[in-house]
Amino acid sequence: MTTGTPTPTYPARPRRSRLRTFLPLGLAAWLVLEIWLLTVVAGAASGFAVFLLLVAGFVLGSVVIKRAGRRAFQNLNEALQRGGAPSSSGSGGNGLMMLGGLLLMIPGLLSDVVGLLLLIPPVQKAVGRYAERTFDRRIRAAAPGTLGDAFQRARMQRPDGKVVQGEVIVREEPGGDAPQGPRPPLTR
């Protein structure tokens, strides 16, 4: 029995990206390959040698992460004392060094090899340039406007009844950004 109201039509489900489709498969293949490689090396050398390799990778990875973190903190501290932003030349490789250290800490020989490769400065520069180009290309391909504009458009297109639609008008005072005296505290 129907009431005369039309049945609701639901929008089609969005397509899954290739990354969401193949990432679990890639991680499973990586894990199987790591376990297989560990068993091959353990059969060729010994289980104790593989254990020592894994412990050495963990210790080396933790040292690398600690050192890169200290360097990043020192760069940030120096930049704050100068009153500016941290220079990208000194801190550019810290993120990749930390990633290399993390890969060294993960048990497995392939992750250790990739982690050691990320500790080599020419490889760091090449990977950093590639990542920067990829990031710039994706940013340029994104819709124009700021992130605030995107939220503003989404709010206006799909009001939920709780948001009052409107505009914010900012009037600049003559005199620029001069402080206007002490402001009251923001507590109630």
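The values are calculated or read from the model by the stated rules, or taken from the named source; none is laboratory data. As the structure is a prediction and not an experimental result, all values here were calculated from the model. No Cβ is skipped: glycine too gets one built from the backbone with ideal geometry, and neighbour counts run over all protein chains shown. Each accessible area value is taken on the protein alone, full model and side chains, heavy atoms only, with ligands, DNA and RNA left out. Shrake-Rupley method; radii C 1.70, N 1.55, O 1.52, S 1.80 Å.
Some values worked out for this structure:
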{"quantity": "Filter pass, PHE73 being modelled with pLDDT under 60, of a type in the set (Phe, Trp, Tyr) and open to solvent by 50 Å² or more (accessible area, probe 1.4 Å)", "calculated": "no"}
{"quantity": "Residue pairs meeting the criteria (Cβ under 6 Å; at least 6 apart or on separate chains; first in contact (Cβ under 8 Å) with a residue 12 or more places away in the chain, in the stretch 22-40; second not in a helix (DSSP H, G or I))", "calculated": "GLU34/GLY108"}
{"quantity": "Residue list for the stretch 24-44, filter: open to solvent by 90 Å² or more (accessible area, probe 1.4 Å) and under 23 Å from the mean Cα position of the chain (by Cα)", "calculated": "LEU25, LEU27, TRP30, LEU31"}
{"quantity": "Any chance LEU52 is of a type in the set (A, V, I, L, M), without any contact (Cβ under 8 Å) to a residue 12 or more places away in the chain and open to solvent by 40 Å² or more (accessible area, probe 1.4 Å)", "calculated": "yes"}
{"quantity": "Set ALA29, ALA79, ALA126, ALA42: member being modelled with pLDDT under 90 and among the hydrophobic types (A, V, I, L, M, F, W, C)", "calculated": "ALA79"}
